Structures are given as structure tokens and as C-alpha cells.
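The values are calculated or read from the model by the stated rules, or taken from the named source; none is laboratory data. Quantities reported herein were computed from a predicted structural model and do not represent experimental measurements. Backbone-built Cβ (ideal geometry, glycine too); neighbour counts: all protein chains shown.
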Amino acid sequence: MKRNATAAIATLVRWREFEESRASDVYRQRAVEAEKRRGMLDQAETSVDDVRRYRLDLLQAPRLDMARLHVASGVEAIARLKADECETELKTARERQEAARAIHVAARAQTRVAESRRARVSACESERIEKTLFDWMADLRVSGRSKT
């Protein structure tokens, strides 16, 4: 192969490695984002559980305070809405993480293909050079015999 083709393949490999690196960074960012959303959901669900426990304590109290019970029910409804919102955000974050993972896997596969191509071309180039040297040595030997 020509030197330009080998250099072009090397450039392609570097480009593919760059794309893979970028895809890997995006995937890591999406994973961190999903983990953050998971933490937010856990906090929201803990809040809902706390409000439910408080409301249960109110219901089990010797005297039923309807005003507090009404407020606790309202706070529980708001906390549940927040938890539902966090759950939706987590689902979205996981979908984005999965999409980023798919892009990263594709970029890694493209990099491996380019590296394989570079190794194959390099091996062919080495074989060609070796064959050329062998032929050149054989020609020298033959020309040395014909002169004697």
C-alpha cells in the first residue's frame, strides 16, 4: 500500500478514538445524572413515607385533630406528586443513559474496525517490504553470479 493510505488509516483510527472518547464522556455524564435522579427519587419517597407515618400517628392519637390531619393529607399529596415527578425524571435520565451507552458501544466498535484495518494494512505493508527486499537480494545474487 502507499504511504498515504497507511497515514489515512492512522488518521481514521485517531478520529475514531476521539469519537469513542467523546461518547464515553457523554455516557459517564448520563450515568452520573441518572444516579443523581435516583438519589432525588429516594429523598422524595422518604419524604412521602415520613408524612404517611406522621398522618398515621395523628390517626392513632387519642384525640383526632382534623385540621392537622387535613394538612398532613395535603402535604402527603404534594410529596407524592414530587415523588412521581422525580420518578419520571429518573426514567428520562435512564433512557438518555441507555442512548448514550448505545452510541458509545457503536463508537467503540468503529474504533476496533479501524484498528483492525490498520493492523491488516500494516501487516500487508511489512510483507510487501520484506518481499521487495528478498527480490532485491535475489536480483543482486543473480547479477553477482552472472558477472563471474
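Key figures
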read-out: Residue satisfying condition, being closer than 20 Å to Arg14 by Cβ and within 22 Å of the chain's Cα centre (by Cα), within set Glu125, Glu98, Glu89, Glu115; value: Glu115
read-out: Number of the exception - Glu125 against (1) modelled with pLDDT of 90 or more; (2) under 21 Å from Ala7 (Cα atoms); value: (1)
read-out: Residue in the stretch 57-64 that is aliphatic (A, V, I, L, M) and not in a helix (DSSP H, G or I) present; value: yes
read-out: Test: residue in the stretch 136-148 that is of a type in the set (Phe, Trp, Tyr) and without any contact (Cβ under 8 Å) to a residue 12 or more places away in the chain; value: yes
read-out: Matching residues in the stretch 100-125 - criterion: being closer than 15 Å to Arg16 by Cβ, touching a residue at least 24 places away in the same chain (Cβ under 8 Å) and either of a type outside the set (A, V, I, L, M, F, W, C) or not in a helix (DSSP H, G or I) (or both); value: His104, Arg108, Gln110, Thr111, Glu115, Arg117, Arg118
read-out: Residue match in the stretch 52-74 (condition: surrounded by 13 or more Cβ atoms within 10 Å (Cβ to Cβ), within 39 Å of the chain's Cα centre (by Cα) and among the aliphatic types (A, V, I, L, M)); value: no
read-out: The stretch 65-77: number of residues that are in a helix (DSSP H, G or I) and acidic (Asp, Glu); value: 1
read-out: Val32 vs. criteria surrounded by 13 or more Cβ atoms within 10 Å (Cβ to Cβ) and more than 30 Å from Arg128 (Cβ to Cβ); value: no
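The rows are residues; the columns are (1) touching a Gly at 6+ places or on another chain (Cβ under 6 Å); (2) in contact (Cβ under 8 Å) with a residue 24 or more places away in the chain; (3) exposed (fewer than 15 other Cβ atoms within 10 Å of the Cβ); (4) charged (D, E, K, R).
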site: Arg14; (1), (2), (3), (4): no, no, yes, yes
site: Glu19; (1), (2), (3), (4): no, yes, no, yes
site: Ser24; (1), (2), (3), (4): no, yes, no, no
site: Arg37; (1), (2), (3), (4): no, yes, no, yes
site: Leu41; (1), (2), (3), (4): no, yes, no, no
site: Thr46; (1), (2), (3), (4): no, no, yes, no
